[in-house]
1. Mind listing just one residue for me: the one in the range 162-186 that is surrounded by fewer than 15 Cβ atoms within 10 Å (Cβ to Cβ) and more than 15 Å from the chain's Cα centre (by Cα) and, of those, nearest to GLY44 (Cα to Cα)?
2. I'm checking my understanding of the structure. Among residues of the range 109-132 that are over 16 Å from the mean Cα position of the chain (by Cα) and not hydrophobic (A, V, I, L, M, F, W, C), which one is least open to solvent (accessible area, probe 1.4 Å)?
3. Looking at the range 66-79, can you tell me whether even one residue there is closer than 17 Å to VAL166 by Cα and either at pLDDT 95 or above or in a helix (DSSP H, G or I) (or both)?
4. Of all residues in the range 51-71, which are open to solvent by less than 40 Å² (accessible area, probe 1.4 Å) and out of contact with any helix residue (DSSP H, G or I) (no Cβ under 8 Å at 6 or more places or on another chain)?
5. Six or more apart or on different chains, Cβ under 8 Å: which pairs go from a residue in the range 48-61 that's among the charged types (D, E, K, R) to one that's open to solvent by less than 40 Å² (accessible area, probe 1.4 Å) and part of a strand (DSSP E or B)? Could you list them?
6. List the residue pairs whose Cβ atoms are under 7 Å apart, where the first residue sits in the range 183-200 and is more than 15 Å from VAL106 (Cβ to Cβ), the second is open to solvent by 40 Å² or more (accessible area, probe 1.4 Å) and of a type outside the set (Gly, Ala, Ser), and the two are 6 or more positions apart or on different chains.
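The values are calculated or read from the model by the stated rules, or taken from the named source; none is laboratory data. This is a predicted model, so every value here is computed, not measured. Glycine also receives a Cβ, built like all others from the backbone with ideal geometry; neighbour counts cover every protein chain displayed. Surface areas here come from the heavy atoms of the whole protein model, side chains and all, with no ligands, DNA or RNA. Shrake-Rupley method; radii C 1.70, N 1.55, O 1.52, S 1.80 Å.
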Amino acid sequence: MSTLFEHSQTTRTSNGKEESMTTVTIFGSGNMGSAIDSVLTAGGASVDHIGSADPPGSVNGDIVILAVYYPALKDIIGKYADKLAGKIVVDITNPMNLETFDSLVVPADSSSAAELATALPSSRVLKAFNTNFAGTLNAKKVGPLTTTVLVAGDDADAKVSLIDAVQAGGVEAIDVGRLNRARELEAMGFLQIKLASAEQVGWTSGFAVVR
């Protein structure tokens, strides 16, 4: 069952001024959905979840994170496309062949995020979190270094909103450029999953950025 919050929330600071609270809706409550929730709520965001068994209803978050497997995107688009108009929609998927675990299933010049942006022309689509394992988001560390979320998208304000929310939760985030960089992010995500599934690295491994 989903927990629903008001679309827009405000809190008062110690000097009495109102400031807006980031509202987030996450599709999915598995390992990744829960880990992303833990980061964002640590930063003060209000988060609710929509599960695959929930009947279609309102989507309350200003930021919507699709923490599902790639094949589930088609169903979400079919049920919620009109409700996602104007929202920041974050694609975290790695479009892998789930039978072979040996290839991506999108064209070489495209990405899951590009497909999503075409299907949701009124949404502000970002690619993020697909190069992070849930364990590194929960721990906020990769080894001794702070976990880093890479964010791609064509809407600069949308990227700032997501990056601010991630950083408020104690995790680093970097703007890697326009949405066409999602192809490289998905290749990175594929490689990490391939290594972990072959037990060459652990599911708490990953990369971090030294500046």
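1. The extreme case among them is GLY170.
2. This residue is SER110.
3. Residues of the range 66-79 closer than 17 Å to VAL166 by Cα: 66-67.
Remaining after also requiring either at pLDDT 95 or above or in a helix (DSSP H, G or I) (or both): 66-67.
Yes: one or more hits.
4. GLY51, ASP54, GLY57, ASN60, GLY61
5. These pairs meet every condition: ASP48/VAL24; ASP48/THR25; ASP48/ILE26.
6. Correct list of pairs: LYS194/PHE101; LEU195/VAL201; ALA196/TRP203; SER197/PHE101.
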